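Worksheet for the structure shown next.
The values are calculated or read from the model by the stated rules, or taken from the named source; none is laboratory data. All values reported here derive from a predicted model rather than from experimental measurement. Every residue, glycine among them, receives a Cβ derived from its backbone with ideal geometry; neighbour counts consider all protein chains shown. What goes into the accessible areas is simple: the full protein's heavy atoms, side chains included, and nothing from ligands, DNA or RNA. Shrake-Rupley method; radii C 1.70, N 1.55, O 1.52, S 1.80 Å.
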Amino acid sequence: MAQPAYVQGTLDTLMSDPAALSLAETTFVVLDLETTGGAADGGGVTEIGAVKVRGGVEQGIFATLVNPGERIPAFITVLTGITDAMLAPAPPIEQVLPSLLEFLRGSVLVAHNAPYDVGFLKAACARHGYQWPAPKVLDTAAVARRALTRDEVPNRKLSTLAQFFHAAVTPNHRALDDARATVDVLHGLIERLGSFKVHTLGDAIEFAKAVTPTQRRQRHLADGLPHVPGVYVFRAADDRPLYVGTSKDIATRVRSYFTAGEKRARISEMLGASTRVEALECAHSLEAEVRELRLIAAHAPPYNRRSKYPDRVVWLKLTTEAWPRLSVVRTLADDGAAYLGPFSSRRTAELAAAGVYDALPLRQCRHTLSVRTPTPACALAELGRCPAPCEHRITPELYAATAALPFRTAIHGDPEIVVAALMGRIDAMSEGRRYEEAAVLRSRLIALLRATVRMQRLSAITRLAEVVAARRDGIGGWEIVVVRHGRLAAAATSPPREHPRPTLDMVRLTAETVLPGPGPVPAATAEETERILAWLERPDTRLVETSGDWVSPVRGAARFTTLLNRAEAAASGKDSAVRSSVTDRSDDARSLRL
């Protein structure tokens with residue numbers, strides 16, 4: 001029987017995650033270049049020396065002189081001993097590159113001051129049409145800066161480090177000798193990295209970067225975490241949650257907090273106060289997102305900025321008086337009143353209310369009016385901006401038909417009457433060159449329309465007692481969710497290559513019981529329901545069962561989404577000459593000129 005051909009083991013064939021490979025199992029190519037001293041422009045290389053090592057054992061060497069195609073400066077000859085006569089018969093760099101790239105294939109490139117050597121090689125590849133293989137690079141100079149103190153070595157020069165680690169070869173500015181000296185320095189640094197709990201290639205590369213002492217000291221917090229979707233919680237010594245996050249891969253995400261890529265000052269402070277990281281495994285990413293929101297809402301971790309106080313929302317309420325008015329309230333009640341929201345702040349709610357006042361003849365006073373005894377009118381009545389129900393100039397029936405009913409219709413059905421009225425005023429002010437006043441009206445339109453679009457979208461899913469949906473998880477299984485009144489009641493993932501129905505039936509039986517409430521988001525926060533909607537609306541999600549029709553008004557607020565987007569773009573300055581389309585009763589296009 002013929003023996004199988006020998007295949008060189010590389011990072012690509014040995015492991016799907018090269019960064020997780022231990023340093024003892026990693027194949028390194030330790031390289032050094034000698035150059036003419038110029039810029040890395042694709043030329044100037046005079047000598048290449050490289051040594052391939054693995055597990056402390058030399059696997060091969062690559063050494064050659066290179067003809068740079070130019071004369072060598074005298075000071076370079078004095079420094080390296082390389083003369084023009086020595087380089088005259090040497091091959092040019094374009095002839096050397098194929099063999100060198102093959103020697104590098106599947107290995108980690110190591111060099112002292114690696115950016116210098118890598119810069120020359122990348123420029124040479126670009127000039128001569130070779131694809132740079134982009135190997136993982138480890139810089140021994142950078143590692144030495146982190147691993148060695150000034151008391152041990154006065155500087156990080158190769159000659160200094162070679163002497164410190166008792167290298168067998170003394171650096172002498174010749175490529176192969178310097179590469180061999182760098183090999184000994186590399187091995188000495190790897191031994192030193194063990195005391196920093198750096199044992200893998202990925203950890204070594206990150207260690208070489210500019211991580212803080214706190215990140216280095218606390219990196220053990222990432223040990224032993226699972227590579228699964230879920231929620232992670234950084235906890236203090238008294239077990240208080242300091243920070244809550246979510247990821248499709250808990251272990252990988254938590255490790256990123258201890259790398260040079262994490263530069264946020266508040267996170268550095270949080271890492272210093274943490275004593276452990278708790279991992280909460282989830283069935284899939286949606287469950288992780290929802291659990292994160294609920295944990296943040298329950299504990300208000302000091303280092304989380306978003307989603308900390310989901311209960312701090314306000315609503316715009318149309319009261320149930322004889323002559324209703326708008327009121328900003330913090331809670332929903334089952335009192336038959338019309339509510340618009342939720343708004344994240346009182347200011348935004350008042351901005352939307354101002355838009356309503358601009359479009360509809362709702363009274364703006366806060367008095368409780370009597371149907372029997374009139375009261376004096378305010379200045380708004382004299383200005384024609386209020387129908388003066390306080391003086392009984394308008395009957396409750398006529399007021400309901402001209403003011404209250406259009407508001408209810410706008411927030412629950414078609415907001416066209418409000419949008420058209422605001423657009424008319426904006427157009428009139430624009431034509432009169434009253435641009436600042438038009439911009440104020442635009443901001444009111446944005447606040448009102450954004451809230452209406454959002455509430456109608458939330459209401460469509462919240463009114464359903466149950467929605468069961470599923471989507472493929474990419475490995476042969478199904479991600480399953482049970483949503484009740486807009487709240488995630490249960491989540492699971494069916495095993496690969498098995499029918500999902502048994503899992504789905506079990507999840508429905510064990511799902512949370514959710515009771516309906518008076519408003520569009522009574523069973524969950526608006527943010528949770530919006531996360532669920534984003535998941536349900538993905539093209540690859542399948543609706544399995546619903547307790548009713550999942551519908552929105554045919555002529556609802558969603559048809560003004562384009563207008564809303566254009567108005568928001570104009571308000572942010574991204575489109576100073578925006579003309580946003582709006583549909584009127586005859587479906588003719590009008591424009592927003594601001």
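Structure above, values below:
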quantity: Single unsatisfied condition, Asn155 versus (1) in contact with a Lys or Arg (Cβ under 7 Å, 6 or more places away or on another chain); (2) exposed (fewer than 15 other Cβ atoms within 10 Å of the Cβ); calculated: (1)
quantity: Within the stretch 172-201, tally of residues that are more than 13 Å from Leu23 (Cα to Cα) and open to solvent by less than 30 Å² (accessible area, probe 1.4 Å); calculated: 7
quantity: Unique residue being assigned to a helix (DSSP H, G or I) and surrounded by fewer than 20 Cβ atoms within 10 Å (Cβ to Cβ) when the list is Glu269, Glu262; calculated: Glu269
quantity: Pairs with Cβ under 6 Å, 6+ apart, first in the stretch 59-71 and more than 15 Å from Val110 (Cα to Cα), second buried (at least 17 other Cβ atoms within 10 Å of the Cβ) and among the charged types (D, E, K, R); calculated: Leu65/Glu47
quantity: All positions within the stretch 65-79 that are over 50 Å from the mean Cα position of the chain (by Cα) and open to solvent by less than 50 Å² (accessible area, probe 1.4 Å); calculated: Ile72, Pro73, Thr77
quantity: Hits in the stretch 243-259 - residues which are open to solvent by less than 10 Å² (accessible area, probe 1.4 Å) and within 28 Å of Leu193 (Cα to Cα); calculated: Ile250, Ala251, Val254, Tyr257, Phe258
quantity: Checking Gly38 against (1) surrounded by 14 or more Cβ atoms within 10 Å (Cβ to Cβ); (2) in contact with a Gly (Cβ under 6 Å, 6 or more places away or on another chain); (3) on the phi < 0 side of the Ramachandran plot, the condition it does not meet; calculated: (1)
quantity: Helices (runs of 4 or more DSSP H) (entirely within the stretch 95-209) containing at least 3 residues that are basic (Lys, Arg) and modelled with pLDDT of 95 or more; calculated: none
quantity: Condition check for Ser285: touching a residue at least 24 places away in the same chain (Cβ under 8 Å), within 17 Å of the chain's Cα centre (by Cα) and surrounded by 17 or more Cβ atoms within 10 Å (Cβ to Cβ); calculated: yes
quantity: Subset of the stretch 126-149 that is farther than 15 Å from Arg192 by Cα and free of Cβ contacts under 8 Å to residues at least 12 places away in the same chain - its residue that is surrounded by the most Cβ atoms within 10 Å (Cβ to Cβ); calculated: Trp132
quantity: Criterion (of a type in the set (Ser, Thr, Tyr) and surrounded by 20 or more Cβ atoms within 10 Å (Cβ to Cβ)) met by exactly one of Thr529, Thr503; calculated: Thr529
quantity: Top-ranked residue in the stretch 328-348 [being exposed (fewer than 15 other Cβ atoms within 10 Å of the Cβ) and touching a strand residue (DSSP E or B) at 6+ places or on another chain (Cβ under 8 Å); ranked as farthest from Pro389 (Cα to Cα)]; calculated: Ser345
quantity: Counted residues, the stretch 524-549 - those being basic (Lys, Arg), under 20 Å from the mean Cα position of the chain (by Cα) and farther than 14 Å from Glu287 by Cβ; calculated: 1
quantity: Condition check for Ser572: under 25 Å from the mean Cα position of the chain (by Cα), of a type in the set (S, T, N, Q) and open to solvent by 50 Å² or more (accessible area, probe 1.4 Å); calculated: yes
quantity: Qualifying residue in the stretch 229-242 (condition: open to solvent by 20 Å² or more (accessible area, probe 1.4 Å) and closer than 27 Å to Ile475 by Cβ); calculated: yes
quantity: Any chance Leu515 is assigned to a loop (DSSP other than H, G, I, E, B) and either surrounded by fewer than 19 Cβ atoms within 10 Å (Cβ to Cβ) or not aliphatic (A, V, I, L, M) (or both); calculated: yes
quantity: Any helices (runs of 4 or more DSSP H) falling wholly within the stretch 384-479 and containing at least 3 residues that are β-branched (Val, Ile, Thr) and crowded, with 18+ Cβ neighbours inside 10 Å; calculated: 416-431, 435-462
quantity: Selection from the stretch 429-470 of residues that are under 23 Å from Ala569 (Cα atoms), out of contact with any helix residue (DSSP H, G or I) (no Cβ under 8 Å at 6 or more places or on another chain) and among the hydrophobic types (A, V, I, L, M, F, W, C); calculated: Val440
quantity: Residue under evaluation Leu369, criteria (1) in contact with a helix residue (DSSP H, G or I) (Cβ under 6 Å, 6 or more places away or on another chain); (2) hydrophobic (A, V, I, L, M, F, W, C); (3) surrounded by fewer than 16 Cβ atoms within 10 Å (Cβ to Cβ), criterion not met; calculated: (3)
quantity: Residue check for Arg325: at negative phi, modelled with pLDDT of 90 or more and open to solvent by less than 40 Å² (accessible area, probe 1.4 Å); calculated: no
quantity: Qualifying residue in the stretch 94-102 (condition: open to solvent by 20 Å² or more (accessible area, probe 1.4 Å) and within 22 Å of Val198 (Cα to Cα)); calculated: no
quantity: Inter-residue pairs, beta-carbon under 6 Å, first within 12 Å of Leu369 (Cβ to Cβ) and in the stretch 381-401, second polar (S, T, N, Q) and open to solvent by less than 70 Å² (accessible area, probe 1.4 Å), 6+ apart; calculated: Cys390/Thr375
